Amino acid sequence: MSHAHRSPFTSPLSTALGVLGIALFAAIATPSVRAQKLIADYPLLSDLKDATSNNGPVTLKGNPTPPAAPANGVCHNGKYWYATNGQDIRTPNLSSLNSTDFMFEIEFRLTALPTSTLGFPVIMAGNGWRWIGIYVSGSGAVGLKYNNSNHVWSKTILKAGQWYSAVVMYDSGACKLYIDGLVAYSATLPTLNTGSNLNFTTNDFSNGRAFYGCIRRFRIYNDAHMTGGLFTVAGSYCNNMQISGAMPWPQVTKPYTISVTGANPSTPAVLLLGFRLAQPIDLTMLGAKGCTWFVAPTLPISTAADSKGNASLILPMPNLLGAAAWFQWLSFSPTVNPLHWTMSDYATLVIGK
């Protein structure tokens, strides 16, 4: 797959999911990695705090003006921290991070592609050591930089102005980069030289380049499980309607629970199962402020929400290791907006062992 914005399904593979008779469409994908312990979670939707309370907040630095406070993401102006008007978005040092076996997730949107063919970082681990990070080239190719000066590039091409979900996994040299739920790059890398510099920043302090765009939903995990399933939440939501998945992560032949908070308790909540849209559709112009349609439904499944707007569905998992599906919740709300419904963020589910 050379373009991340294309449909991730090259040939739909339909499978019955137990008594629900749900059609699950399989992607051509390898078994994915899922880390087992969340050590830091920075949503960056409305504040700079770590949702786990394990670490201090992200810091915003400017020379002289720092990035604006988060508003569905925090944005960097593309200027290197030590340059005039330079900026930096940085986590504290994450002392509990195991640099030999870890994973991180991040959503990002490019304001523009790099003007240099050498590109710029999206996020870089270690301001002093640059031991691993996501990079974007001048052509839009996404890749990784590791151990200060080494680059590897995928064939996946990104566009400016579109939100992407990225996952980086590393376990004793085995490394994968996912973009929107699909493997963009897989290789064996050498031992990462961290110098115990375990923070993350939007600058590359080895070459004076800086991210130009916005980031949100940055999560860091320890203990990558190379054959585990993947449940990654991304995207925006309206009226505080949020999707979530249950632990353990999705596994073949074991039922999996997908939940929502913030649904309308007076009407059924609907879980949409289907294709991840190539370009998410912002429905604000139609009167549904903040609502974004991410999933083109193949089959909606409804369930009653409780009095607090919480709902869950238990889905049987087929024996399709590596199969991927996209989910989003829909809630009918006659008075909330002119379209009479709200939508959650979306999730990518990949079945593991």
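Using a simple spin-label model with points 7 Å from Cα along the Cα→Cβ vector, what separation in nm is obtained for A112 and S196?
4.2 nm
Within a 10 angstrom radius of the beta carbon, how do R90, R217, R130 rank from fewest other beta carbons to most? Let's see the in-between values first.
Details: R90 17, R217 22, R130 26.
Exposure proxy ranking, most exposed first: R90, R217, R130.
Just the number: Rg to Rh for the range 34-225, Cα atoms, Kirkwood Rh, two decimals. List each step's numbers first, then the result.
Numbers: Rg = 14.9 Å, Rh = 16.2 Å.
Radius of gyration relative to Kirkwood radius: 0.92.
Tabulate in residue order the Karplus-calculated ³J(HN,Hα) for the range 205-212, using 6.51 cos²θ - 1.76 cosθ + 1.60 with θ = phi - 60°, rounded to whole Hz; enter x for Gly and Pro.
For the range 205-212, the Karplus-derived couplings read 7, 8, 9, x, 10, 9, 5, 10 Hz, x marking Gly and Pro.
At a 4.7 angstrom Cβ threshold, list every cysteine in the chain that has nobody to pair with, or say none.
By the Cβ distance rule, which asks for a partner under 4.7 Å, the isolated cysteines are C175.
Out of N319, L299, V152, whose Cα points farthest toward the positive end of the dipole of the chain (charges: +1 Lys, Arg; -1 Asp, Glu; placed on Cβ)?
V152
Quick note: the coordinates plus some simple rules give every number you see, no bench work behind them. Quick caveat: nothing in here was measured; it's all calculated off a predicted structure. No Cβ is skipped: glycine too gets one built from the backbone with ideal geometry, and neighbour counts run over all protein chains shown.
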